[in-house]
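Notes follow the structure.
The values are calculated or read from the model by the stated rules, or taken from the named source; none is laboratory data. Please read these numbers as outputs of a predicted model, since none were measured by experiment. All Cβ positions, even for glycine, are placed from backbone atoms using ideal geometry, and neighbour counts span all protein chains on display. We work out accessible area using only protein heavy atoms, side chains counted, and drop any ligands, DNA or RNA first. Shrake-Rupley method; radii C 1.70, N 1.55, O 1.52, S 1.80 Å.
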Number of protein chains: 2
Amino acid sequence: MRLVYHLPLSPFSRKVRLFLAEKKLLFDLRAENVWQRREQFLAINPAGQVPVLVDEGEVIADSTAIGEYLEEKYPTPTLIGNSVLARAEARRLSLWFDLKFFQEVTVNIAHEKMMKRLMGQGQPDSERIRVGKENIHYHLEYIGFLTARRSWLAGSDLTCADLSAGSQLSVIDYLGDVPWTDHTDAKNWYARLKSRQSFQPLLTDHMPGVIPSKTYADLDF
Amino acid sequence: MRLVYHLPLSPFSRKVRLFLAEKKLLFDLRAENVWQRREQFLAINPAGQVPVLVDEGEVIADSTAIGEYLEEKYPTPTLIGNSVLARAEARRLSLWFDLKFFQEVTVNIAHEKMMKRLMGQGQPDSERIRVGKENIHYHLEYIGFLTARRSWLAGSDLTCADLSAGSQLSVIDYLGDVPWTDHTDAKNWYARLKSRQSFQPLLTDHMPGVIPSKTYADLDF
């Protein structure tokens with residue numbers, strides 16, 4: 001069976017789970033507490049990070065590399081796009097959320113509120129959380145800007161851009177820190193994404209010791 | 001003519017220049033001082049970052065998306081690989097250097113020594129430079145580990161993994177902070193990369209106000 005090493009609230013693990021589910025590929029999940037640096041896990045991925053996909057005995061690491069691998073090996077339905085230019089746009093946006101949103105929002109909020117506790121690194125830094133909460137607005141505006149013109153972030157079809165953005169946002173939403181009421185277009189896009197079958201397993205995830213926000217699993221949030 | 005907005009010592013701009021040159025595609029370069037946030041530039045890339053490729057009137061942003069675009073539009077010679085698994089390995093390593101090496105080494109050394117001065121952000125933080133110089137050793141060891149077994153980082157052919165790693169390292173080498181003498185295997189790999197025709201334009205680059213190390217442009221360093 002296909003296997004994904006993951007953490008329930010790792011946005012990049014979530015992206016890979018969505019990728020697999022949208023392609024209707026079955027997989028098992030194994031939680032890997034990466035900070036314990038387990039030797040057998042480091043042997044298969046020296047970066048010591050999740051997600052890692054094991055597919056037919058082959059180890060694929062890095063969520064972007066996994067997405068491209070799945071797209072090449074199981075091309076239908078495409079999650080990148082149907083033309084060279086559409087694919088460039090989907091990849092640009094996917095990496096925007098993987099890199100910029102992650103650095104500016106996810107690290108500031110989720111690392112402080114959640115990972116520090118799990119890893120025994122002390123109290124959250126409230127200044128960093130404040131910065132993350134400030135930064136999220138312009139990302140939600142950008143999502144609103146894009147989806148006012150297009151069904152999905154990169155065009156008329158769902159792509160890796162939506163999966164990247166939704167994965168990051170879902171982690172912040174778990175913590176109750178997405179100001180949805182200020183960003184109606186972004187909220188409508190997220191509601192459509194959240195209602196997809198691929199998204200449902202994410203909504204039942206729980207991180208030990210961290211309670212999800214009241215509306216996290218609510219499709220009519 | 002194809003156009004690349006770049007900065008001479010941006011590692012991601014360098015990666016795109018190498019990608020184009022290895023595929024024998026001609027292009028013009030335009031230096032973009034991204035910190036000035038020029039309006040016409042933000043209009044074509046709202047992320048405000050280099051590199052940006054303009055190819056036949058189409059704008060492609062993000063160095064990874066540009067690499068995938070070039071690979072799809074101009075597939076020969078491949079710079080990702082010839083099989084699905086080889087491509088996954090090349091992408092994993094390429095992203096390793098783009099993300100991990102960049103965060104752990106390039107940001108600490110190049111941002112402190114060079115970007116701060118250009119952007120008028122004050123004096124370099126010597127503690128961060130020290131951390132960057134410490135971190136570079138294990139990346140060079142990893143390059144040595146890989147190239148003791150393979151001709152190039154991801155296998156028997158040159159790929160985006162080599163271009164990513166070489167781009168990051170070339171920036172640190174410009175500043176004279178690569179401890180080559182401690183890492184012979186990595187040095188031999190870099191010497192082969194540096195001797196390629198695609199690499200020569202990078203070796204004539206100068207960043208205003210920052211003098212390159214004595215051996216930067218030397219093929220027998």
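Sorted from closest to farthest, the other copies place their B:Arg150 label points 3.2 nm away, with each point set 7 Å from Cα along Cα→Cβ. Close amide-amide hydrogen proximity is noted between B:Leu175 and B:Ser213, each under 5 Å apart and 5 or more residues distant or on a separate chain (H modeled in the peptide plane; Pro and chain starts excluded). Database remark: amide H of B:Arg30 closer than 5 angstrom to the amide H of B:Val4, B:Tyr5, B:His6 (H placed geometrically; neighbours at sequence offset of 5 or more, or on other chains; Pro and chain starts carry no H). Across identical copies of the chain, B:Pro201 has label-point separations of 4.6 nm, listed in ascending order, with the point defined 7 angstrom from Cα along Cα→Cβ. Of all beta bridges that DSSP places with both ends in chain B, some 70 percent have antiparallel geometry.
Across the stretch A:143-148, rounded Karplus estimates of 3J(HN,Hα) from the backbone phi angles (6.51 cos²θ - 1.76 cosθ + 1.60, θ = phi - 60°) give 4, x, 4, 5, 7, 6 Hz, Gly and Pro being marked x.
What number comes out for accessible area per residue over chain B if the probe is 1.4 Å? Units Å², please. Walk me through the numbers on the way to the answer.
Details: 9470 Å² over 221 residues.
Solvent-accessible surface per residue comes out at 43 Å².
Summing both sides, the accessible surface hidden between B and A at a 1.4 Å probe radius is close to 2200 Å².
Placing a label point 7 Å from the Cα of A:Leu25 along the Cα-to-Cβ direction, the residues of the stretch A:1-15 whose backbone N falls under 11 Å from that point are A:2-4. Note on the stretch B:184-221 and the stretch A:96-124: Cα centroid distance 37 Å, given to the nearest whole angstrom. The same position B:Arg38 in the other copies lies at 5.2 nm from this copy, comparing label points 7 Å beyond Cα toward the beta-carbon, shortest first. Of all beta bridges that DSSP places with both ends in the protein assembly as shown, some 70 percent have antiparallel geometry.
Each label point is 7 Å from the Cα along the Cα-to-Cβ direction; what then is the distance between the points at A:Leu42 and B:Ser151, in nm? Going by the 7 Å Cα→Cβ label model, 3.3 nm. In order along the stretch A:38-43, the phi-based Karplus estimate (6.51 cos²θ - 1.76 cosθ + 1.60, θ = phi - 60°) of 3J(HN,Hα) comes to 5, 4, 5, 6, 4, 5 Hz; Gly and Pro are listed as x. How much of B:Trp35 can a 1.4 Å solvent probe reach, expressed as accessible area in Å² and rounded to 10? Roll a 1.4 Å probe over it and B:Trp35 shows about 70 Å².
The heavy atoms of B:Arg130 offer some 120 square angstrom of accessible surface to a 1.4 angstrom probe.
In sequence order, the stretch B:76-86 has phi-based couplings of 10, x, 5, 10, 10, x, 9, 10, 4, 6, 4 Hz under the Karplus curve 6.51 cos²θ - 1.76 cosθ + 1.60, θ = phi - 60°, and Gly or Pro positions carry x. Amide H contacts of A:Thr159: A:Leu153, A:Ala154, each under 5 Å away and 5 or more positions distant or on a separate chain (H built 1.01 Å from N in the peptide plane; Pro and chain starts excluded). For B:Met1, the solvent-accessible surface computed with a 1.4 Å probe is close to 150 Å², ligands and nucleic acids excluded.
Carbon and sulfur together cover what percent of the accessible area of the stretch B:84-203 at a 1.4 Å probe radius? Intermediate values should be presented prior to the final figure.
Working: 2350 of 4700 Å².
The nonpolar share, carbon plus sulfur, comes to 50 percent.
Each label point was placed 7 Å from the Cα along the Cα-to-Cβ direction; for B:Thr181 and A:Thr204 their separation is 6.2 nm.
Within the listed set B:Gln200, B:Gln123, B:Gln103, the residue fluctuating most in the Gaussian network model of chain B (springs between alpha-carbon atoms under 10 angstrom) is B:Gln123.
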